[in-house]
Structure formats: C-alpha cells, structure tokens
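Structure record follows, encoded as structure tokens.
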Amino acid sequence: MKLNEITTVATNLQETTLQQLQSGSDSHFANRNDINNVRIKQKQYIKYGDNELLVKAKCAGETNDYDTNILFDGVQFAQPGDPQSIKLNDLQVLPLSANLNVKVHCTCPDFRWTFAWQNSNANSLIGNPPAPYHKTTGRPPRNPAKTPGLCKHLVRLSDDLQAEQLFV
C-alpha cells in the first residue's frame with residue numbers, strides 16, 4: 001500500500017464529533033431563525049451495547065415532521081443514584097464529552113441532499129448513504145465545500161441536548 005492510500009484509509013476510519021459537524025453546518029444556516037422554528041415533539045434515549053447512546057427525536061418543521069437521530073459513542077453509563085450522573089428517562093449517564101464521536105441521521109430532504117453523502121465519507125452517518133447529490137438545476141450547489149454537517153433539525157436537537165446540560 002502506498003502512503004497516500006494508507007492516509008485515505010485512516011481518514012475514512014475516523015469519526016466526527018458533534019462540534020465538528022456543527023461547524024460544517026454554520027455557513028449553511030446563516031439565518032438562525034430557520035433553526036429556531038424547529039420544534040422537538042418527542043425525544044427518546046436508547047442504550048446500545050456498553051457505551052453507545054442513541055437520541056431519537058421527532059422534529060416538527062414548517063411543513064412536515066422528521067425523524068432525527070444522534071448516536072454517541074464512548075458514553076459512560078452510571079448506576080442509579082450516582083450524584084455525578086444525568087438522568088435520561090430510565091438511563092443514567094455521566095456528562096458527555098464534546099469530543100465523543102457521533103453518527104447522525106435525519107429524514108428531511110435537506111439532510112439527504114446536503115450532508116448525508118459527506119457524513120457517510122466522514123463515518124458519521126447512521127445507516128446507508130443515499131446516492132450522491134448531482135446538481136441538475138440552475139440553483140447553486142447544495143454543499144459546495146463538501147463538508148459533513150447537520151440539517152436544522154439535527155442542529156435543533158443538538159442545541160436542546162446542550163440546554164439539558166448533557167455535555168461537560
């Protein structure tokens with residue numbers, strides 16, 4: 001294997017933090033009102049394996065509801081009554097580090113066409129990637145920088161988790 005091939009393989013094995021995905025979205029949402037108009041209708045916390053936490057939310061947009069998911073890897077679950085833990089429904093977790101790797105998914109078209117393919121390449125997509133977006137209209141490109149990122153529903157869910165003080 002050549003050095004550039006090894007670098008490519010190593011890059012594809014890395015995952016991405018929620019902060020990195022958020023920064024990839026910042027230029028996409030210059031108007032924060034788009035995010036503030038999203039409402040979280042319900043949220044569920046699910047433990048996977050020994051150290052993964054899936055946060056599932058139903059987000060109400062302007063016209064439709066979308067299923068929005070964030071999967072945190074490296075979560076430390078705590079025993080009930082641990083004074084340092086945060087209670088999430090029937091789960092107890094220690095506060096999450098902002099450096100935890102995450103995978104995300106949303107059923108909205110913006111996520112699919114703007115970020116899903118790039119998130120898949122960054123190993124930060126839950127599930128299989130859709131076909132890559134190919135510009136076919138006179139509109140500007142969806143994600144010209146080809147950065148992984150979050151749609152407004154995922155940004156809203158991330159903001160909600162931060163407001164719950166889930167992160168250190």
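Has the range 149-156 got any residue that is of a type outside the set (Asp, Glu), in a loop (DSSP other than H, G, I, E, B) and out of contact with any strand residue (DSSP E or B) (no Cβ under 7 Å at 6 or more places or on another chain)?
yes
Please state which one of LYS58, LYS103 is surrounded by 13 or more Cβ atoms within 10 Å (Cβ to Cβ), free of Cβ contacts under 8 Å to residues at least 24 places away in the same chain and either of a type in the set (D, E, K, R) or over 18 Å from SER23 (Cα atoms) (or both).
Working: LYS103 fails: free of Cβ contacts under 8 Å to residues at least 24 places away in the same chain.
Exactly one residue qualifies, and that residue is LYS58.
Select from the range 42-100 the residues that are outside any strand (DSSP E or B) and within 24 Å of PHE111 (Cβ to Cβ) and list them in ascending order.
Within the range 42-100, the subset outside any strand (DSSP E or B) is 49-51, 61-64, 74-76, 78-85, 89-90, 94-95, 97-100.
GLY61, GLU62, THR63, ASN64, GLY74, VAL75, ALA98, ASN99, LEU100 - these are the residues of the range 42-100 that are outside any strand (DSSP E or B) and within 24 Å of PHE111 (Cβ to Cβ).
From the list GLU52, GLU15, pick out the single residue that is surrounded by 14 or more Cβ atoms within 10 Å (Cβ to Cβ), of a type in the set (D, E, K, R) and modelled with pLDDT under 95.
Working: GLU52 fails: modelled with pLDDT under 95.
Unique residue meeting the criteria: GLU15.
Select from the range 110-148 the residues that are touching a residue at least 40 places away in the same chain (Cβ under 8 Å) and in a loop (DSSP other than H, G, I, E, B) and write down the one among them that is farthest from the chain's Cα centre (by Cα).
ALA145
Of the residues that sit in the range 61-100 and are touching a residue at least 40 places away in the same chain (Cβ under 8 Å) and either of a type in the set (Gly, Ala, Ser) or touching a helix residue (DSSP H, G or I) at 6+ places or on another chain (Cβ under 7 Å) (or both), which one is surrounded by the fewest Cβ atoms within 10 Å (Cβ to Cβ)?
It comes out as ALA98.
Scan the range 71-84 and tell me whether some residue there is closer than 18 Å to ARG156 by Cβ and in contact with a Leu (Cβ under 9 Å, 6 or more places away or on another chain).
There is at least one residue in the range 71-84 that is closer than 18 Å to ARG156 by Cβ and in contact with a Leu (Cβ under 9 Å, 6 or more places away or on another chain).
Taking the range 95-115 as the region of interest, how many residues are of a type in the set (Gly, Ala, Ser) and either in contact with a Gly (Cβ under 9 Å, 6 or more places away or on another chain) or at pLDDT 95 or above (or both)?
Residues in the range 95-115 being of a type in the set (Gly, Ala, Ser) and either in contact with a Gly (Cβ under 9 Å, 6 or more places away or on another chain) or at pLDDT 95 or above (or both): 1 in total.
Could you list, in sequence order, the residues of the range 71-97 that are closer than 17 Å to ASN123 by Cα and either touching a strand residue (DSSP E or B) at 6+ places or on another chain (Cβ under 6 Å) or of a type in the set (A, V, I, L, M, F, W, C) (or both)? Reasoning before the result, please.
First pass over the range 71-97, keeping only residues closer than 17 Å to ASN123 by Cα: 71-74.
LEU71, PHE72, ASP73, listed by residue number.
Restricted to the range 56-100, and to residues that are farther than 25 Å from ASN37 by Cα and hydroxyl-bearing (Ser, Thr, Tyr), which residue is nearest to the chain's Cα centre (by Cα)?
Filtering the range 56-100 for residues that are farther than 25 Å from ASN37 by Cα and hydroxyl-bearing (Ser, Thr, Tyr), the one nearest to the chain's Cα centre (by Cα) comes out as SER97.
Looking at the range 108-132, which of the residues that are out of contact with any helix residue (DSSP H, G or I) (no Cβ under 8 Å at 6 or more places or on another chain) and aromatic (Phe, Trp, Tyr) is surrounded by the fewest Cβ atoms within 10 Å (Cβ to Cβ)?
My answer is TRP113.
The values are calculated or read from the model by the stated rules, or taken from the named source; none is laboratory data. Source: prediction; values computed, not measured. Don't worry about glycine lacking a Cβ; one is built from the backbone with ideal geometry, like all the others, and counts go over all protein chains shown.
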